Amino acid sequence: MFLLPVVGNYVVASRAYNSITNTGFLVTKINLRTMGIKFLSPAICVCTWITLWVLSESSDGLARITLKKQPLDLKRLNAARITRVGIESNVNDQETDVIYLKNYLDTQYYGEIGIGSPSQRFSVVFDTASSNLWVPSSKCLFSIPCHFHSRFQASSSSTYTKIGIPCTISYGTGGISGFFSLDHVKVGDIVVEDQEFIEVTKEAFLPFLIAKYDGILGLGFQEISMERATPLWMNMVHQGHIDHKIFSLWLSRDFTSEFGGEIVFGGLDWRHFRGGHTYVPVAGTGYWEILVGDVFVEDNSTGVCKFGCAAILDSGTPLIAGPTAIVDEINRAIGAEGIVTLECKSVVSKYGYALWDNLVSGIRPDILCVDVGLCSYNGSKRVRGLLKTVVENGTMEGSELGEAPMCTFCEMIVFWIQVQLKQQKTKDLVFQHINQLCEALPNPIGKSFVNCDYLELLPDISFTIGNKSFPLTPHHYILKVQEGCMTVCVSGFVGLDVLLPRGPLWVLGDRFLSAYHTVFDFGNMRVGFAKSAN
């Protein structure tokens with residue numbers, strides 16, 4: 001699962017990374033079964049020589065973690081939140097500014113570690129925007145989510161030490177509570193001794209009930225760590241497990257595969273990127289924060305970050321959050337709209353003129369939507385009540401919209417056309433007005449959707465980092481979500497407004513990190529980006 005295996009007919013090695021010289025050695029993967037017999041002996045010799053070279057020339061300890069990926073669905077995505085708060089709730093230093101709270105319901109990527117002696121296995125999210133390690137405790141008895149995940153049994157570990165300091169960490173949809181403990185943590189073949197972690201005794205019902213992972217492993221800095229606990233990657237260095245003070249992250253964009261990517265402590269894997277890395281300094285403390293310049297929609301400047309904005313790299317969310325002014329401009333450029341507006345306009349474009357013609361010709365309004373095949377029964381009497389519910393409450397809860405949305409929108413449009421006909425409006429003015437009404441409908445779930453059929457026509461969105469352009473194609477910034485037998489396309493951009501002096505701010509989540517292999521170089525306090533080999 002974890003480390004540089006020599007398994008069966010496969011020989012896998014790595015490229016050792018030198019943070020000073022940027023040099024390394026290349027090792028490839030060879031499948032002997034697929035080779036002709038005449039290549040067998042040379043291949044064995046090459047593999048043996050390479051293996052000896054690794055052992056003799058490098059003392060690097062590389063911990064290689066395979067990441068799994070859970071598919072996103074609308075339930076998880078709809079609950080995704082990144083919100084600004086005023087005071088850091090999971091750091092004792094009250095002078096530390098908090099930037100945002102997020103939830104983990106939408107988290108996709110996670111991997112396995114071990115805690116204790118003998119090692120107890122846990123699936124954790126490797127989160128670059130937090131700094132504590134926590135897993136559920138066997139003492140978590142009255143919190144339902146704990147019973148659906150692996151729980152740490154302190155009594156089963158011979159190296160366990162209880163610290164007992166209580167703590168609480170808040171997230172966008174709740175939080176966790178527990179106490180600090182000390183034990184050995186295994187990451188790949190590396191065993192970090194006496195690592196502080198939190199035994200959780202209470203978890204919020206969401207997001208953790210349906211999560212496929214058990215806990216969180218923070219990869220941020222000690223400044224934002226609860227009780228200033230030393231992050232695991234720092235203890236790797238202090239205990240001499242890794243010579244090169246880096247870790248690297250590669251996220252797969254293959255939506256059909258459970259394999260989600262890889263994180264490597266102490267080095268990087270040349271197979272996961274193309275070309276060289278562009279390095280920029282870490283600009284803030286606590287988070288992996290960098291400076292980004294102007295953001296472009298195709299070749300058009302959005303302007304807000306022309307003179308620089310802060311950006312936090314966050315592997316714990318699939319989203320890209322940024323100043324609302326820019327996000328709104330981006331979503332308009334890519335045609336992203338709320339799901340209610342999108343479905344409403346879809347019905348208008350496909351059936352609007354046919355509904356108009358039939359109404360003008362005298363066909364009964366209450367059977368029009370049945371005739372065009374959008375309704376299986378005559379339910380037009382509910383239109384006014386539904387419109388009133390949606391407009392007044394700003395929510396679809398309790399409405400019939402979810403049961404037959406196309407039928408509902410059809411009936412709404414028929415009703416709107418009837419009203420406009422009574423006012424003797426022309427066809428063009430009527431449909432202009434109807435589209436405006438569609439746009440005015442509330443967006444209860446706060447996400448913006450695009451038409452999956454037009455992804456190839458959407459513009460690239462480019463971030464300027466280190467005076468270099470880092471473009472995201474629609475296949476990078478659009479999340480494809482399976483909902484039943486259909487695929488829904490959702491914009492990965494959401495608004496987040498942070499005031500000066502900490503803002504404007506971007507949060508670059510997995511939509512960005514999956515496009516660019518990322519090196520977190522804490523030895524030189526810099527971050528490097530190279531095009532991902534996806």
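A few points about this structure:
- As a rough guide to protection, the peptides 212-224, 153-165 ranked by mean Cβ packing within 10 Å, highest first, stand as 212-224, 153-165.
- Value of Rg to Rh for the stretch 235-297 (Rh from inverse mean 1/r over Cα pairs, i.e. Kirkwood): 1.03
- For the stretch 171-227: Kirkwood Rh in Å [reciprocal of mean 1/r, alpha carbons]: 13.1
- Percent RCO, i.e. relative contact order, over the stretch 217-283, from Cα pairs under 8 Å lying at least 6 residues apart: 21
- Along each principal axis, taking the top coordinate minus the bottom one, the Cα set of the stretch 489-534 gives 35, 31, 10 Å in descending order.
- For the stretch 425-534, the per residue solvent-accessible surface stands at 42 Å², with DNA, RNA and ligands left out and a 1.4 Å probe.
- For the cross-link pairs 69/531; 245/480; 68/139, the ones whose C-alpha atoms lie over 32 Å apart are 245/480.
- For the stretch 182-317, alpha-carbon Rg relative to the globular expectation (2.2 N^0.38 Å, N residues): 1.27
The values are calculated or read from the model by the stated rules, or taken from the named source; none is laboratory data. Since this is a predicted model, take the numbers as computed values, not measurements. Note that each Cβ is placed from the backbone with ideal geometry, even for glycine, and that neighbours are counted across all protein chains shown. Quick note on the areas: whole protein, heavy atoms, side chains included, nothing else; ligands and nucleic acids left out. Shrake-Rupley method; radii C 1.70, N 1.55, O 1.52, S 1.80 Å.
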